[in-house]
Amino acid sequence: MSRPGYPAAAAVFAIGMAGTTLPTPLYGLYREELGFSELMVTVVFAVYALGVIATLLLAGNVSDETGRRPVLLAALGFSAASALCFLFEGGLPALFAGRLLSGFAAGLLSGAATVTVMELAPPGRAAGAGLAATAANMGGLGCGPLLAGLLAEYAPWPLRLPFVVHLALIAAAAVLTWLL
């Protein structure tokens with residue numbers, strides 16, 4: 001069996017990054033349900049940046065030392081833990097934890113997934129792989145709110161189903177990562 005190539009790594013990247021923006025269209029619903037202010041919505045949203053920055057500073061090049069697969073799997077683990085925080089949220093602390101974990105995932109993915117996509121490109125396809133990595137990153141960031149918004153609007157359990165779907169996607173991404 002041949003190993004999946006850079007398109008599979010790009011899919012893993014997109015799935016992971018989608019999770020970082022998945023809660024964005026749901027904040028209004030959380031605000032109604034939990035009764036917190038607009039300022040608190042901003043603070044919950046901003047906690048993500050702390051996770052990203054801390055991870056980039058402390059572990060930005062860890063995949064150079066430990067390998068790409070373990071870092072990608074750790075990022076997917078953080079993404080799954082974030083989804084679980086939102087799925088079973090019990091108030092603001094869970095939302096803060098979910099956003100922080102999501103930031104950790106993004107910090108790990110931004111470096112390791114980009115390099116993985118590039119390294120798996122066949123000879124002479126580096127430009128295409130670079131485009132695929134960028135598209136996966138930006139596409140994932142865009143697909144997260146789209147998925148959550150559509151599910152919140154047209155499906156049951158608007159604050160739960162987006163995270164159930166994302167957990168299923170993370171499981172598929174973990175299998176793909178294992179095969180890389």
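FYI, it's all coordinate maths here, none of it is from the lab. As the structure is a computational prediction, the values presented were derived from the model and not from experiment. Cβ placement follows ideal geometry from the backbone for every residue including glycine, while neighbour counts extend to all protein chains displayed.
Could you state the angle between the C-alpha long axis of helix 126-154 and the longest principal axis of the C-alpha atoms of the chain, as a value from 0 to 90 degrees rounded to the nearest 10?
Helix 126-154 sits at roughly 20 degrees to that axis.
Can you find, among L50, I15, G28, the residue sitting farthest towards the positive end of the charge dipole of the range 10-141, where Lys and Arg contribute +1 and Asp and Glu -1 at Cβ?
I15
For helix 6-21, report the angle its Cα long axis makes with the longest principal axis of the Cα atoms of the chain; keep it between 0 and 90° and round to the nearest 10°.
20
Got the relative contact order for the range 6-179 handy, in percent, Cα pairs under 8 Å and 6 or more residues apart?
Dividing the mean separation by the residue count of the range 6-179 yields 42 percent.
What angle do you read, to the nearest 10 degrees and between 0 and 90, between the alpha-carbon axis of helix 92-119 and the longest principal axis of the chain?
Helix 92-119 sits at roughly 20 degrees to that axis.
Rank Y6, S79, A174 by how far each Cα sits towards the positive end of the charge dipole of the chain (+1 on Lys, Arg Cβ; -1 on Asp, Glu Cβ) and give me just the farthest.
Y6
Evaluate the charge dipole of the chain about its Cα centre and quote only its size in Debye, nearest 20, assuming +1 on the Cβ of each Lys and Arg and -1 on the Cβ of each Asp and Glu.
Working: 7 positive and 8 negative charges, 81 e Å.
I would put it at about 380 debye.
If you average over every viewing direction, what projected area does the convex hull of the Cα atoms of the range 129-180 give, in nm²? Intermediate results must be reported in sequence, preceding the final value.
Numbers: hull surface 16.0 nm².
That works out to 4.0 nm², a quarter of the Cα hull's surface.
Evaluate E = 1/(1 + (r/R0)^6) for A172 and E33, where r is the Cβ-Cβ distance and R0 equals 22 Å; express this FRET efficiency to the nearest 0.05. Mind dumping the intermediate values first?
Details: r = 30 Å, r/R0 = 1.34.
Using R0 = 22 Å, I get an efficiency of 0.15.
Using a Förster radius of 25 Å, what is the FRET efficiency between R125 and T66 based on their Cβ-Cβ separation? Nearest 0.05, please. Write down the numbers at each step before the final one.
Values: r = 26 Å, r/R0 = 1.04.
Step by step, r from the Cβ atoms, then E = 0.45.
Sorted by packing (mean other beta-carbon atoms within 10 Å per residue), highest first, where do 111-121, 20-30 land? Write down the numbers at each step before the final one.
Details: 111-121: 22.1, 20-30: 20.2.
Going by the mean number of other Cβ atoms within 10 Å, highest first, we get 111-121, 20-30.
Would you mind classifying the chain by shape? Square roots of the alpha carbon gyration tensor eigenvalues, ordered a ≥ b ≥ c; an a/c under 1.5 is rounded, otherwise it is prolate if a/b is larger than b/c and oblate if not. Walk me through the numbers before you get to the answer.
On the way: a/c = 2.21, a/b = 1.73, b/c = 1.28.
Here the chain falls in the prolate category.
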